[in-house]
Structure formats: C-alpha cells, structure tokens
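Values quoted throughout were computed directly from the atomic coordinates according to the rules given, and no laboratory measurement underlies them. Just so you know, these numbers come straight off a predicted model, no measurement behind them. Because the Cβ atoms are built from the backbone with ideal geometry, glycine has one as well, and the counts that use them run over all protein chains shown.
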Amino acid sequence: MTRKTWWLIVALIAQIATVAAAQETDILDAITASSEALTSYSATIQMTRHEARGESIITFSFDFVPADRMSIIYTDPASVSGQTMILNADKFYTYIPSINRRIWQDVDDESNDQGEELGFLYDFVIRAAATFIDINPIEVSSTIESYVLEGSGTTIDVTKLAFQVEDGQQVVWVNQVDAVPVAVDLYDGDDLVMEVRVLEYRANEPIDDSAFVIPDK
C-alpha cells in the first residue's frame, strides 16, 4: 500500500465518521423539534409486560393534548375493556367497569406521572424529548429499519435509538418521516420488562374536547 493510498483511506474513514455524526445530529434535532411542536397525539397502543410469572398484554387508546389533557381507554383484554382514565388540568378521573367504581381525584405536577410506563414516548408527547436526550447517553443506529403499524397495516422506515438510563436501557424506534416514536423497549438492567408498540397514530390533528370531559360526581 502506498502512502497516498493510505491517506486516501484515512480521509474516507474520517468522511464516513463525519457523515454519521451529522446524521445522528439530524435525527435528534428532528425528534426534539417534533416533540416541542406537538399540539396533539392520538394513538392505539399495545404494551407487553414481562415478569417472572409470564407476560401480560394490554391494548388501549391514548389521546393527549399538551400539557395537561389525557384520555386512556383500555380495549383489551376483556377483563379491563372499558376501563378509563382521564386527566383534565388538575382533575383526574378513573372508571373501572368490572366493579362499577368511579374515582375522582385532584392532582398536582409531582403526582401526575400517568403514562410514564410508555418510556420515551411519554417524554415525547409531553414535549420533554429534548431534556431526555440531553441527560441520557444515546447510540443512534446508522441502519434504517422497517416497522409495521399493525393498526393500519402501513409500513414505515424507522431509526433505532438506544438510551442508557439510570436503571437500564430504553431502545426506541422513531418514524423517519415525522420523527415520532413508534416503539419502545424498556429494560431493567439486562432484563426486558416492557414493550410498547404503537399500532396506529395521528399527530397534530384536532381531538374533540369531549374526549377529556370528566363526568360529574
């Protein structure tokens, strides 16, 4: 190998590294901008919890308008179907149809952690993606993968992100087009404890106010 060839290889490696770093910055900037600009988010989500005794799967609709309106309605399994949680400003309502129980609560910023099991998706919809990205070390995959939104059957291109968080890791897949997270795997240490899968979603489209109406006592 000649000296000239060697320096050409070195220059090529440096160029590839520069391009990769730029691509990483681009996707993170896109996620941050998408999160900060979010006006509404509506989705059907499936969560799989992994425990020593086995796994459990739930499916629910999730409607959110930043900063303080949220509605969750469980649709599957049948044992929890119809269970409802509504957050509207400082009021929180829960309905459990299986025992015909309704609960009205006052909440404050510190106690309002509903949705945190969604991992980075929750940080995204509450417009806090930038903070999450800033405080957690991250590795961005250079490979574009495919992901199927099973609710609509649509196949999209996604980028994989791996965040090192305090108690383990969060692996996130983000839509290449609008920088919205569509899947999250949450790990406790090396153990996978939760899989979050978005089956279909709409971002920045109007959600009727009736979705967040809390029934009178």
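How much length is gained on full extension from S142 to I214, taking 0.36 nm per residue of separation minus their Cα-Cα distance? Provide the component values of the computation, followed by the final result.
On the way: separation 72, 0.36 × 72 = 25.92 nm, distance 4.50 nm.
The S142-I214 span can extend by a further 21.4 nm.
Treating the angle as unsigned and between 0 and 90°, give the value, to the nearest 10°, between the Cα long axis of helix 3-36 and the longest Cα principal axis of the chain.
Long axis of 3-36 versus the principal axis of the chain: about 20 degrees.
Scale the Cα Rg of region 50-89 by the rule-of-thumb value 2.2 N^0.38 Å and send over the ratio, two decimals. Please list the in-between numbers first.
Details: Rg = 12.8 Å, N = 40, 2.2 N^0.38 = 8.9 Å.
Computed over Cα atoms of region 50-89, the ratio equals 1.43.
Could you give the length gained by full extension between D108 and A78, i.e. 0.36 nm per residue of separation minus their alpha carbon distance, to one decimal place? Write down the numbers at each step before the final one.
Working: separation 30, 0.36 × 30 = 10.80 nm, distance 3.16 nm.
Roughly 7.6 nm would be gained on extension.
Let's test the formula: R0 of 30 Å, r as the Cβ-Cβ distance of L192 and T39. What FRET efficiency results, to the nearest 0.05?
On the way: r = 33 Å, r/R0 = 1.09.
Calculated value: 0.35.
Put one equal scatterer on each alpha carbon of the chain, apply the Debye formula with no solvent term, and list log10 I(q)/I(0) at q = 0.09, 0.16, 0.17 1/Å to two decimals.
Here the Debye-derived log intensity ratios amount to -0.42, -1.16, -1.29.
What share of all Cα pairs of region 105-217, in percent, falls into each consecutive 5 Å distance bin?
2, 10, 18, 22, 19, 14, 8, 5, 2, 0, 0
Could you tell me the calculated FRET efficiency between V177 and R49, based on Cβ-Cβ distance and R0 = 30 angstrom, to the nearest 0.05?
On the way: r = 29 Å, r/R0 = 0.98.
With a Förster radius of 30 Å, E is 0.55.
Tell me the net charge near Y95. Cut-off is 9 Å between Cβ atoms, Y95 excluded, with +1 for each Lys or Arg and -1 for each Asp or Glu.
Numbers: positive: R101, R102; negative: none.
The answer is +2.
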